[in-house]
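Participant: Below is one structure. I have some questions about it.
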Amino acid sequence: MPSSVDRSTAPTLVDAREAPLDLAVVLASTPRGRTGPRIADWFLGQLGAWDGFAAELMDLADIGADPDRFRKLVDGADAVVLVVPEYNHSFPGPLKTAIDALRREWFAKPVGVVSYGGVSGGLRATEQLRLVLAELHAVVVRETVSFHGADAFDAQGRPREPGVAPAADRFLTVLAWWARNLRQVRRHDPYPPLGWI
């Protein structure tokens, strides 16, 4: 599928002497029969075409088995991608619980959203997440990837919407910029301690 981003002229994600960008990919839906795993698998496949990312997937359905894993994953990541459905014009309750369990781990952390659901493609969930994560001093990137409707993939596992692959390229380009630069800033100038949070 053609990409809207010419990777031959795009900036290098990370200097060759640096470690790859650690990306936490969080599957935020928990019910059985959910669409989320297919979308997360597709996104990880898109990510595989890019040099400079090291991704780890966490399924919130498994958080009960290791409650501390989510904290460690977010804390150690250079950026976080939330794969999120829209439920009742917002995002799932288990994701809100997981987000609210952390504080400093979110500070100056780039976050991107891959959303899905209904005619809005989950974008109303994305907008709700922007409000919540801004309060936690995270940086939610402007670019998104969204899947509209209940049946996002054809029988061969390809997205029915041709625009999602170019959207993923734009999304990853912007997310990498934030992740690369905020990683450097956090190393040399840690985020200020905010005693009231």
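The values are calculated or read from the model by the stated rules, or taken from the named source; none is laboratory data. Since we're looking at a predicted model, the values are computed, not measured. When we count neighbours, we look across all protein chains shown, and the Cβ atoms used for this are built from the backbone with ideal geometry, even at glycine.
Participant: Looking at Asp62, Asp75, Asp66 in this structure, which one is under 28 Å from Tyr191 (Cα atoms), of a type in the set (D, E, K, R) and without any contact (Cβ under 8 Å) to a residue 24 or more places away in the chain? Give the steps one after another, and end with the answer.
Facilitator: Values: Asp62 fails: under 28 Å from Tyr191 (Cα atoms); Asp75 fails: without any contact (Cβ under 8 Å) to a residue 24 or more places away in the chain.
On inspection, the qualifying residue turns out to be Asp66.
Participant: How many of the residues in segment 50-90 are touching a Lys or Arg at 6+ places or on another chain (Cβ under 9 Å) and of a type in the set (Phe, Trp, Tyr)?
Facilitator: Qualifying residue count, segment 50-90: 1.
Participant: Let me ask another. Checking the structure you have, find out if any residue of segment 144-160 is without any contact (Cβ under 8 Å) to a residue 24 or more places away in the chain and outside any loop (DSSP other than H, G, I, E, B). Please lay out each step first, then the result.
Facilitator: Of all residues in segment 144-160, those without any contact (Cβ under 8 Å) to a residue 24 or more places away in the chain come to 151, 154-156, 158, 160.
So of that shortlist, the ones also outside any loop (DSSP other than H, G, I, E, B) come out as none.
No, the conditions are met nowhere in segment 144-160.
Participant: Report, by residue number, each residue of segment 99-135 that is among the aliphatic types (A, V, I, L, M), touching a residue at least 40 places away in the same chain (Cβ under 8 Å) and closer than 20 Å to Ala179 by Cβ. Talk me through it step by step, then tell me what you get.
Facilitator: Applying the first criterion (among the aliphatic types (A, V, I, L, M)) to segment 99-135 yields 99, 101-102, 108, 111, 113-114, 119, 123, 125, 129, 131-134.
After this cut, where a residue has to be touching a residue at least 40 places away in the same chain (Cβ under 8 Å) as well, the list is 108, 114, 125, 129.
Ala108, Val114, Leu129, listed by residue number.
A quick yes/no check of all residues on (1) surrounded by 21 or more Cβ atoms within 10 Å (Cβ to Cβ); (2) over 21 Å from Pro20 (Cα atoms):
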{"site": "Leu44", "(1), (2)": "no, no"}
{"site": "Trp50", "(1), (2)": "no, no"}
{"site": "Phe53", "(1), (2)": "yes, no"}
{"site": "Glu56", "(1), (2)": "no, no"}
{"site": "Ala61", "(1), (2)": "no, yes"}
{"site": "Ala77", "(1), (2)": "yes, no"}
{"site": "Pro85", "(1), (2)": "yes, yes"}
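Participant: Restricting attention to segment 181-197, report how many residues are at pLDDT 95 or above and either of a type in the set (D, E, K, R) or assigned to a loop (DSSP other than H, G, I, E, B) (or both).
Facilitator: The qualifying residues number 1.
For (1) under 14 Å from the mean Cα position of the chain (by Cα); (2) of a type in the set (Gly, Ala, Ser); (3) part of a helix (DSSP H, G or I), each residue gets a yes or a no:
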| position | (1), (2), (3) |
| --- | --- |
| Leu82 | yes, no, no |
| Thr97 | no, no, yes |
| Ser120 | no, yes, no |
| Ala134 | no, yes, yes |
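Participant: Moving on to the next point. If you take the residues of segment 28-37 that are closer than 20 Å to Ala165 by Cβ and buried (at least 16 other Cβ atoms within 10 Å of the Cβ), which of them is farthest from the chain's Cα centre (by Cα)? Working first, answer last.
Facilitator: Looking only at segment 28-37, we keep the residues that are closer than 20 Å to Ala165 by Cβ, and these are 35-37.
Imposing the further condition that a residue be buried (at least 16 other Cβ atoms within 10 Å of the Cβ) reduces the set to 35-36.
Details: Thr35: 16, Gly36: 13 Å.
So the residue we want is Thr35.
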